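The values are calculated or read from the model by the stated rules, or taken from the named source; none is laboratory data. Computed from a predicted model, the values in this text were never measured in an experiment. No Cβ is skipped: glycine too gets one built from the backbone with ideal geometry, and neighbour counts run over all protein chains shown. SASA here: full protein model, heavy atoms, side chains in, ligands and nucleic acids out. Shrake-Rupley method; radii C 1.70, N 1.55, O 1.52, S 1.80 Å.
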Amino acid sequence: MLFFSYFKELVGKEVTVELKNDLAIRGILHSVDQYLNIKLENTRVVDQDKYPHMLSVRNCFIRGSVVRYVQLPPDGVDIDILHDATRREARGG
Amino acid sequence: MGLGLRHFTDRVQEGECAGQPLLDSENGEELLHVQQRVVIVLGNLPPESPGTLFISSKQVVWLSDVDVEKGYAVDFLSISLHAVSRDPEAYPSPCIYTQIETQGGEDEELEDSDSEASEHFDLSKITEMRLVPSDPSQLDTLFNVFCECAELNPEPHDELDDEHEWIFGPDQVLGDVMDAETEEGPDWPIYENPANTIGYANGEHDLAHSVLELQIDDQRFEDAEETDQGAHGAHR
């Protein structure tokens with residue numbers, strides 16, 4: 001649940017979601033659910049040369065199970081909160 | 001059931017639902033949305049003649065309006081991504097764009113060499129599907145239905161939990177070993193046998209200390225060996 005709570009804090013910020021098939025999509029995080037399904041708005045494909053046919057779409061739903069990485073905006077990372085949250089998770093889990 | 005697209009021909013034969021796909025209603029599958037006049041485009045193949053889109057709580061089924069033998073289905077579990085595509089450069093008609101997870105892993109694109117044999121293409125290798133409704137104002141509705149249904153279909157095996165078992169199991173064991181090794185000094189045996197603290201504090205230092213040390217060594221040795229075996233067991 002840690003990542004779920006954490007990603008919810010990032011709603012409205014720009015993130016880049018890299019899928020397990022190497023496709024990377026940048027967009028504004030619209031929402032995330034408990035399965036880490038991710039909805040992006042104003043999306044664009046990062047490597048357009050490699051994926052010429054792909055989407056400049058307005059919104060996009062990505063299944064949580066196909067996500068490899070989520071790149072976060074630097075100002076979206078509050079290290080103190082993360083420290084606390086991970087400690088709590090380690091204790092409570 | 002496998003990943004990817006598959007042929008679908010099971011239509012309800014009679015009654016008010018005639019022509020609809022036969023769903024697994026015994027296992028709770030429900031029809032949630034019907035969209036008429038939708039063209040389906042598989043991979044780089046040419047668009048098919050229009051059909052009707054049936055979205056159930058488990059899968060997306062497209063049935064041809066022209067050919068009752070023609071239909072395709074894909075489980076929501078296999079739909080990695082869906083999006084509304086309105087950019088004419090991405091595709092000439094506004095559509096729902098989907099990426100489909102296939103069994104093989106490596107996606108072999110259906111290039112031109114295959115298109116002449118399009119009747120015999122390997123459906124299970126198709127990694128992209130576009131759904132083009134005749135009415136583009138329906139795209140947002142379709143997108144939202146897809147979102148809701150994706151959430152109804154989480155991964156059947158919770159991979160995260162499995163990983164936790166695997167990673168944390170041995171880690172916790174290792175953690176115990178480390179605790180035993182790093183917690184030196186009087187703290188540790190005091191927990192074990194509080195009575196000794198009195199002797200320790202009262203100045204019978206040497207005697208108490210050597211007894212304590214003996215205990216430390218014994219228990220540390222036993223503990224480490226036990227947990228070592230435990231860790232090996234967990235790996236097997």
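A few points about this structure:
- Peptide-level mean, for B:147-157, of C-beta atoms on other protein chains within 10 Å: 3
- If R0 is taken as 51 Å, the Cβ-Cβ distance between B:Leu22 and A:Ile79 corresponds to a FRET efficiency of 0.40.
- Solvent-accessible surface ranking, highest first, for B:Leu152, A:Leu29 at 1.4 angstrom: B:Leu152, A:Leu29
- Summing both sides, the accessible surface hidden between A and B at a 1.4 Å probe radius is close to 1900 Å².
- Spatially close Lys pairs in chain A, defined by Cα atoms under 18 Å apart and a spacing of eight or more places or different chains, total 4.
- Estimated from helical segments only, the mean residue ellipticity of chain A at 222 nm is -7000 deg cm²/dmol, where each DSSP H run of four or more residues counts as -39500 (n - 2.57).
- Alpha-carbon Debye profile of the range A:2-91, log10 I(q)/I(0) at 0.12 Å⁻¹: -0.38
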